[in-house]
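Just so it is clear, none of the values below were taken in a lab; they were calculated from the coordinates. Note that the coordinates shown come from a computational prediction; the quantities given were computed from them, not determined experimentally. Because the Cβ atoms are built from the backbone with ideal geometry, glycine has one as well, and the counts that use them run over all protein chains shown.
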Amino acid sequence: MSALRYLSIACASALLLSPSLLWAQEIKPPIRGLVSMGAYRFVGYGGDPVNTLEPLNAKPGIFGGLVVIASWKQLQPTPDTEIGPDNVIDRALAEVRAYNERNPQKPLAVKLRVWGGFEAPDWAKALGGPPIETIFNEKPRTVGRFWSPAYRQAWAALQAQLAARFDRRPLIREVAVTSCMSYTAEPFVVPMQEGVLRPLRAAGFTDQAYKECLTHALADYAPWQQSRLVLSINPLRTAPGQGDGDQAFTEGLMRDCRRTIGRRCVFDNHNLDTDLPRPLYRIYATIKQLGPEIEFQTYRITPKDFDGTIKLGVSYGASSIELYQDYGGFPLVADAKLRQWAALIEGNGGR
């Protein structure tokens, strides 16, 4: 990485920590209502994420947002790749603009979610050693040393490129913070599976290194100054038998996020369900206490109690809720019901 690139990241980090400069920036409005979580088939079937608006085109004028998905390997197949005009994000944004022209009464806003982890390019997976061979949910997955400083520096350099190109685009309202992610787009989650943990530990993964990565995740996104940053949170667990996990660590980072970037910090959790896992009760209570903006994603593709799940999210202050568009999800729900849910969520207000 060039000295100029390092300098730009350092300067951006200084901006992140300067409240006077922060509030001088124009902050984009949050996404409100129902949000399609976008491409997901690649997680189960492999290949690259394929952004499509077909499910939304079938239910126009209901949703307030769409998650545009890109993988690190799509955006930066080599360490020297510069993100040009013909990229997966710009192509998806063009489709969203076309949708909005057809549906001016309720246009879509965009949340950008870039996957690293097993979707990182080969060169990034090789930083600090060979790619790590793991078995996740009975499928082979290779990952890099996502917890290491070298990997994080490369990820921060990618964010500098992305922010330079997209931060001023009004269509992109929010950006998911996915630093330190491994197998899902949830940075605080490392799967409690032998086929994952054993090879990660052998490659140098430690609790302290992982915590250091998570602690610095927000700084990786310092170049983003106008878009809201979405922090997907969970109790931290790094081994089986840890019960409710290190909830105090997670809550500390939540408070740091709000203290550092104020109302641009959006809290998110991907386990919304009427059968909420016990470790999340305290985290959800903290989310509600700290207030908007608050977002959720349904835990199940098609929840057994879909109506109750949405109402639970509303009770915790959700300003938007992501629904699956693949494998089932919202395409199976009647338009009238979706409109009812959208109105409930949009009525939650926020800032």
### Query
Residue separation times 0.36 nm, minus the C-alpha to C-alpha distance between Ala343 and Thr215: what's the value?
42.5 nm
### Task
Classify the chain as rounded, prolate or oblate from the Cα gyration tensor: take a ≥ b ≥ c as the square roots of its eigenvalues, call it rounded if a/c is under 1.5, otherwise prolate when a/b beats b/c and oblate if not.
rounded
### Task
Among Leu218, Gln208, Trp123, pick out the residue whose Cα is farthest towards the positive end of the charge dipole of the chain, where Lys and Arg carry +1 and Asp and Glu carry -1 on C-beta, about the Cα centre.
Leu218
### Message
Under a crude label model (7 Å from the Cα following the beta-carbon direction), how far is Thr206 from Leu290 in nanometres?
### Response
2.7
### Query
Among the DSSP beta bridges whose two residues both lie in the chain, what percent are antiparallel, rounded to the nearest 5?
15
### Message
For the ranges 263-274, 202-213, 135-146, what's the packing order if you count other beta-carbon atoms within 10 Å of each residue, average per peptide, and put the highest first?
### Response
263-274, 135-146, 202-213
### Query
So, with +1 on the Cβ of K and R and -1 on the Cβ of D and E, and no other charges, what is the size of the charge dipole of segment 173-313 about its Cα centre, to the nearest 20 debye?
240
### Query
How much mean residue ellipticity at 222 nm does the chain get from its helices, if each DSSP H run of length 4 or more adds -39500 (n - 2.57) and you divide by all residues, to the nearest 500 deg cm²/dmol?
-11500 deg cm²/dmol
### Query
Which of the residue pairs Lys59/Lys111; Lys211/Lys337; Lys125/Lys311; Lys211/Lys311; Lys28/Lys304 have a Cα-Cα distance greater than 30 Å in the structure shown?
Lys211/Lys337; Lys125/Lys311; Lys211/Lys311; Lys28/Lys304
### Task
Run the numbers on the chain and let me know its relative contact order in percent, using alpha-carbon pairs under 8 Å that are six or more apart.
19
### Query
How large is the charge dipole for segment 278-351, taken about the Cα centre, if only the Cβ atoms of Lys, Arg (+1) and Asp, Glu (-1) carry charge, to the nearest 20 debye?
320
### Lys/Arg +1, Asp/Glu -1 at C-beta; the chain dipole; positive extreme among Asn234, Thr184, Gly262
Gly262
### Query
Pulled fully out, how much extra length does the chain show between Asn100 and Ala150, if you take 0.36 nm times their separation in residues and subtract their Cα-Cα distance?
14.0 nm
### Query
Going through the DSSP H helices of the chain, which span 18 Å or more along their own axis at the Cα atoms while scoring at least -0.5 as a mean Kyte-Doolittle hydropathy?
3-16, 88-102, 149-166
### Message
Of Gln340, Phe330, Leu75, which is farthest towards the positive pole of segment 3-346's charge dipole, taken about the Cα centre with +1 and -1 on the beta-carbons of Lys, Arg and Asp, Glu respectively?
### Response
Gln340
### Query
Listed highest first by mean packing, meaning other Cβ atoms within 10 Å per residue, what order do 40-47, 125-132, 110-117 come in?
110-117, 125-132, 40-47
### Task
Assign unit charges at the C-beta atoms only (+1 for Lys and Arg, -1 for Asp and Glu), then state the dipole size of segment 3-346 relative to its Cα centre in Debye, rounded to the nearest 20.
520
